[in-house]
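Q: I'd like to ask you about the structure that follows.
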């Protein structure tokens, strides 16, 4: 009973998140509350800026005593993410705590995009490129965003961000009086 209340609380908090303001959003709930998909935006000042990535989330029966299982469904070039989308992140394994919420866990995944762990890799080619040629690594990341992300965030003007999704364009504006603009969505994306 407490587990299902916790799941309901965590999922409900995700329903109020948006890519434009929070860098994450709930994409789709299934009939099973233990399985759903989320979208995360690549953080500003990272090679992933401009990309929007789809992740599957599976909550084990004993959640939150056990960590959620998360996997990238969008192909991504990252030292700590395998080509099949598996994520190497301490908070999803040994450092898990039942006190962590789904939102905090997803934000840890976003943070991993900014700060890969160079000591442990699931993608050895990405890890080698990240260590030996950061400029080529960033170029490869941008190439993957262009090729595999169906959503892309673009900086339009000082007060507008647009998200493209399969020929549908949504524009979001900054409201200075409310201070509702997060920096994860601001920046020029150098795609084609």
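Q: Residue check, residue 67 against (1) over 24 Å from residue 127 (Cβ atoms); (2) in a loop (DSSP other than H, G, I, E, B); (3) in contact with a helix residue (DSSP H, G or I) (Cβ under 6 Å, 6 or more places away or on another chain); (4) free of Cβ contacts under 8 Å to residues at least 60 places away in the same chain, all met but one. Which one?
A: Result: residue 67 passes all but (1).
Q: Could you look through segment 14-30, keep only residues that are touching a residue at least 24 places away in the same chain (Cβ under 8 Å) and assigned to a helix (DSSP H, G or I), and pick out the one that is nearest to residue 56 (Cα to Cα)?
A: Here the answer is 14.
Q: Run down 149, 173 and say which single residue is surrounded by 12 or more Cβ atoms within 10 Å (Cβ to Cβ), at pLDDT below 95 and farther than 17 Å from residue 55 by Cβ. Before the answer, list the steps.
A: Working: 149 fails: farther than 17 Å from residue 55 by Cβ.
The conditions single out 173.
Q: Right, here's the next one. Regarding residue 22, is this residue farther than 16 Å from residue 110 by Cα, out of contact with any strand residue (DSSP E or B) (no Cβ under 8 Å at 6 or more places or on another chain) and crowded, with 16+ Cβ neighbours inside 10 Å?
A: Details: farther than 16 Å from residue 110 by Cα: no; out of contact with any strand residue (DSSP E or B) (no Cβ under 8 Å at 6 or more places or on another chain): yes; crowded, with 16+ Cβ neighbours inside 10 Å: yes.
Against the criterion (farther than 16 Å from residue 110 by Cα, out of contact with any strand residue (DSSP E or B) (no Cβ under 8 Å at 6 or more places or on another chain) and crowded, with 16+ Cβ neighbours inside 10 Å), residue 22 does not qualify.
Q: Looking at segment 67-80 only, could you name the residues that are more than 17 Å from residue 95 (Cβ to Cβ), touching a strand residue (DSSP E or B) at 6+ places or on another chain (Cβ under 9 Å) and crowded, with 20+ Cβ neighbours inside 10 Å?
A: Passing the criteria: 72, 76, 78.
Q: Filter segment 112-134 for residues that are at pLDDT 95 or above, assigned to a helix (DSSP H, G or I) and surrounded by 12 or more Cβ atoms within 10 Å (Cβ to Cβ) and give the result.
A: Within segment 112-134, 112, 113, 125, 126, 127, 128, 129, 130, 131 qualify.
Q: Mind checking whether some residue in segment 40-60 is in contact with a strand residue (DSSP E or B) (Cβ under 6 Å, 6 or more places away or on another chain), in a loop (DSSP other than H, G, I, E, B), in contact (Cβ under 8 Å) with a residue 24 or more places away in the chain and crowded, with 21+ Cβ neighbours inside 10 Å?
A: Yes - at least one qualifying residue is present in segment 40-60.
Q: Tell me yes or no: at least one residue of segment 152-165 is farther than 17 Å from residue 54 by Cα and modelled with pLDDT of 95 or more. Write out each step before concluding.
A: First, pick out the residues of segment 152-165 that are farther than 17 Å from residue 54 by Cα: 154-162.
Okay, now just the ones that are also modelled with pLDDT of 95 or more, so none.
Taking every residue of segment 152-165 in turn, none turns out to be farther than 17 Å from residue 54 by Cα and modelled with pLDDT of 95 or more.
Q: Within segment 82-95, how many residues turn out to be in contact with a helix residue (DSSP H, G or I) (Cβ under 8 Å, 6 or more places away or on another chain) and either assigned to a loop (DSSP other than H, G, I, E, B) or farther than 17 Å from residue 14 by Cβ (or both)?
A: Just the residues of segment 82-95 that are in contact with a helix residue (DSSP H, G or I) (Cβ under 8 Å, 6 or more places away or on another chain), to begin with: 87, 89, 91-92.
Within this subset, residues satisfying the condition of being either assigned to a loop (DSSP other than H, G, I, E, B) or farther than 17 Å from residue 14 by Cβ (or both) are 87, 89.
Counting residues in segment 82-95 that are in contact with a helix residue (DSSP H, G or I) (Cβ under 8 Å, 6 or more places away or on another chain) and either assigned to a loop (DSSP other than H, G, I, E, B) or farther than 17 Å from residue 14 by Cβ (or both) gives 2.
Q: Related question: Please state which of the following conditions residue 11 fails to meet, knowing it meets all the rest: (1) part of a helix (DSSP H, G or I); (2) at pLDDT 90 or above; (3) out of contact with any strand residue (DSSP E or B) (no Cβ under 8 Å at 6 or more places or on another chain).
A: (3)
Q: Please pick out the residue among 33, 98 that is more than 18 Å from residue 148 (Cα to Cα), modelled with pLDDT of 95 or more and either part of a loop (DSSP other than H, G, I, E, B) or in contact with a strand residue (DSSP E or B) (Cβ under 6 Å, 6 or more places away or on another chain) (or both). Can you show your working first?
A: On the way: 33 fails: modelled with pLDDT of 95 or more.
Result: 98 is the single residue among 33, 98 that is more than 18 Å from residue 148 (Cα to Cα), modelled with pLDDT of 95 or more and either part of a loop (DSSP other than H, G, I, E, B) or in contact with a strand residue (DSSP E or B) (Cβ under 6 Å, 6 or more places away or on another chain) (or both).
The values are calculated or read from the model by the stated rules, or taken from the named source; none is laboratory data. A quick note: this is a predicted structure, and the numbers were derived from the prediction, not measured. All Cβ positions, glycine included, derive from the backbone under ideal geometry; neighbour counts span all protein chains shown.
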